[in-house]
Structures are given as C-alpha cells and as structure tokens.
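Notes follow once the structure below has been shown.
No value in this document is a laboratory result; all are computed from the given coordinates. These numbers were taken from a predicted model, which means no experiment stands behind them. Cβ sites come from the backbone with ideal geometry, for glycine too, and all protein chains shown count toward neighbours.
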C-alpha cells in the first residue's frame, strides 16, 4: 500500500486523472476491500478530502462527512486514494468541460477519455496497483468513458446505491456505480456499495446481494435481444462489426439471439436532455458562495452577489444547462418541454419493458464511435456533443442497469459492448460480462 | 405550442436574471444562438404521441422511507466551510 500514493502521483502526471490525491496512508484494515485502493469521482463526498465536482464554485470544499458509498468501502478495508477528475457536475461526454485537469486517453493521449467519469476510467485502465473506482452516471457517464478507455463500467439500477453525499446533477437520473479492469472487480464493488440507506429515501428496498456469486462462466439459455435502432445511422461500421462479433461469441457460448425494436431510442435524447437540464438547474440553485467553495467578499445586494458568484464559478456548460433547464420549466413552456419530456420518458420505459418480456438482456455498442481527438471535440457545437450520447441516454432515462465491457479495438482504440437488463437484474449482466470476458 | 416559440436575446437575458447568473454580452449572444439550435433539434419530441400518457418523474416506483423522528448528534460543524460567519451565524448579503 505504501507505494500507492507514489504510483498514483506518477499516473496523474502523465494522464491527469486526479483532482485530489490522498496525502497520507490510512491504517490497514480487514474486509472485502482490504488492500484495495478505491478512487472516488470528484462529485462524491469524502471526509476532509476536497470534493469540487469538477467546478470552480466548489473549489476548496472539504466535506465534513463521507458519502454512504465511501463509508461502506472504508468499512470493508478500502483505502481512498483520491478524487478523480470529471466534467463539471457531470455535464459532458468527453471530460473537457472542467476548469481542472482534463484526463487524456491511455491509448492515445491526443484523444478524450470520455466523460463525465473520465478520470475514473483512465485510472482504472492504467492503475498498476489493486484499484477499483467509484464513478457516477446520469446519462452515460460510466459507460462512455469505460468504453473509450477499455475498462468495465457498471451502472446499477436507479436506486440500487445510495446517493447520500453525491453532489447531485439530476435527481431522477443519478446513479453511483463502479469501474474495474474486470467484471469481477465491478461485481465486488457493487456488492459493497449497494443497499438501503436511511439517508436516501430513493434507495429501493431490496436486500443486499453478493454479486460475486454471479461470476459464473455460462450464458446457456440466456436470451439476448439486439435492438435494431442501436446499429442505425451514426454508428461507425467498424464499431458495429466488433460488437456483432461479441454478440456472436455469446451465441457460441449458448445464448440465443433475436432482434428487438426500441422505437423511441432516437427521441430519448431530447427527453433526456430536457429532464437532466431541468433538474440540474434546480440543483445548482444552492450554489451561491456563502457556505462553502468559492466565497468572494460580500458586495451589493443578494441578487448582485449571487449572480456574480455564479457567473464566475460556473463554466460554460453549466451556465448553458442552467439557462436551458430554467427555460424548460418556465410558465408557458413547461408543458411543451418539461412535462412533454417526462411523458416521452414513459414511452422509453415502455419500450424496454416490452423488450424484456421477450429477452433477458439487450446488447449494443456502448458508444457509436471510438474516442475522438480533442481538436475534433473543440469544433463540435453543443448539440453535436449531446448527440454522441445517443446510445446511452435511453437506458439511463429508464433507470435500468447496464455494463460496458471491452470487446476489441479499432485502430488501437477500445470499443465497448453494452449489455442492458431490466430493473434490478444486475446479476444477469455480470454473468454475461464475465462469461464473455473469460472466453 | 413550440411552433410559436421565439427565442431571442431578451428571453435569455430574462432567464439569466431569474437564475441569478451574471452573463457577459458575448455569452448572451452565444447562448441565445445555441439555445435556438438545441431546441430546434429537440422538436422531434412533438412527433411522439403522448395523449393519455402519464409523465414519469422517476424511472422506478419510489416509495417514501420513514424513520423515527428522533434527534441525533452529528460530530461535524455545519459552518466549517464558511468564510462568511459571525459567531454561530452565516453572514449574507443585503436583502434590499
């Protein structure tokens, strides 16, 4: 363990994955995570360790408490190695929307790690010590970077893990999840961090589960649905080919394959962004520079003071989302945007529920392309960046669990196979991911 | 409804004011254009038939969780991160 901080520092110098690195070792303890360094996404509170959620407005914030998921890891003997860099509040697909470190892709440093849990994914890929990452997804922030960096990213069912201590982005969408080099690591971490919590009333009342029991090398009889819409226009041909190869591999191991249709896949993007921005704009209302983070001297009246702090503390994407989200909830526009988006979400959920009557899991590419270059990202208009989430937002809107597993590379850049299952069916995902991995 | 929608600088300025967000002239111009582009792309929601569809505020059914209403001692200082304190109070800007 002694070398972990030194190794983490060396990785950070090369890949810029941390916002904060632990400055001292903790006493070694026993438990399921004994000897494991756990990194925590920067939007999840860690006691006395800066938690800025990738935003200037929270710079210097030192939480006086641990998030429930962090506490659970410590109780199992884990050592919290540091806070991984991210898009500000989770607002982004490439981890470039932050005034702090922008992590670089471990397979090509001119390219993005993906976002918003970019630091977590890159660190997971390159860590040369026992490591697991706590990440978080609102619309694809675990799957996307996991795919781009070539690691396993597990987003649990909405409400499987407690969000107490999370700097929230969108309350009806946020899920704390895991990243690891293998499905086994993700299964272990999920077993530790899931479960009821009296501080989060949205945690589902389901008993704790040991997901490592699902590390079984068998997909015999598993019915896999392949949604046509996830291989449609905009999905790179080489990416699609690799993902089909992975699906065929699972078929060869005894799974059966059938085509399914999720007709509201395309429109899920609009619904997702309207909901996410609406909720974000209310969540960000609490940041006014009085109690923590950026706190300039008091000048003028409260309107002037708060507007000034927020204007300085939020970066571009956060401002854009506050504006759009506030707009979507305003009298006169609310029905056409916010409420309409919630109704479209019902349609998206119905699509998945219908599919899961026919099949056990769904398989698709995680991202439509491989990791783009930073110079390409800089030229993308916001709407084009949002469109990169076309394959991850629908399952996130529906709150179903998903896992991204590496399934090869195009031109040296990793591609992710995305497996999705019905609510609370993480076990099937872990089993299928594990069987694919070991074969 | 969305047909008659007119996004202009004035509207964005009004939104920024109610969101307590100080924007520069350049930001106002840029966000107005981007807002137009984004909302234009999101128009496709109008094509989905949502008559008689209930909105989903949550992806799963969420039940309220109850616990005993009993006071509990916390070992941390809620003002520990604040620079604007006076005694055990947080000092804020003028209301008027």
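Structure summary
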{"item": "Hull-based mean projected area of chain B, where the convex hull spans the alpha carbons, in square nanometres", "result": "13.2 nm²"}
{"item": "For the protein assembly as shown, share of DSSP beta bridges that run antiparallel, in % to the nearest 5", "result": "65 percent"}
{"item": "Rounded to 5, percent antiparallel among DSSP beta bridges of the range A:2-214", "result": "65 percent"}
{"item": "Centre separation in Å (Cα based) which lies between the range A:270-299 and the range A:349-415", "result": "27 Å"}
{"item": "Rg to Rh, two decimals, where the protein assembly as shown supplies the alpha carbon set and Rh follows Kirkwood", "result": "0.95"}
{"item": "Kirkwood hydrodynamic radius over Cα pairs of the range A:338-439, then Stokes diffusion coefficient at 10 °C and 1.306 mPa s, in µm²/s", "result": "104 µm²/s"}
{"item": "Using alpha-carbon coordinates, inclination of helix B:25-41 to the longest axis of chain B, degrees", "result": "60 degrees"}
{"item": "Within 10 Å of each Cβ in A:298-310, the average number of Cβ atoms from other chains", "result": "5"}
{"item": "Crossing angle, helix B:9-18 versus chain B [Cα axis fit, 0-90 degrees, rounded to tens]", "result": "20 degrees"}
{"item": "Residue-averaged 222 nm ellipticity for chain A, from DSSP H runs of 4+ at -39500 (n - 2.57), nearest 500", "result": "-11000 deg cm²/dmol"}
{"item": "Relative contact order %, chain A, counting alpha carbon pairs below 8 Å whose residues are six or more apart", "result": "19 percent"}
{"item": "Normalised per residue, the volume of the convex hull around the Cα set of the range B:1-47 (Å³)", "result": "73 Å³"}
{"item": "Whole-Å distance, taken between Cα centres, linking the range B:1-52 and the range A:228-263", "result": "37 Å"}
{"item": "Cα gyration tensor, the range A:196-247 - rounded (a/c under 1.5), prolate or oblate", "result": "oblate"}
{"item": "Calculated P(r) of the range A:2-214 - Cα pairs past 21 Å, %", "result": "45 percent"}
{"item": "Base-10 log of normalised Debye intensity for the range A:122-183 (one unit scatterer per alpha-carbon) at q = 0.21, 0.25 Å⁻¹", "result": "-0.78, -1.01"}
{"item": "Average beta carbon contacts from partner chains per residue of A:339-349, 10 Å cutoff", "result": "6"}
{"item": "Dimensionless Rg/Rh of the range A:223-281 - Kirkwood Rh, Rg from C-alpha atoms", "result": "1.13"}
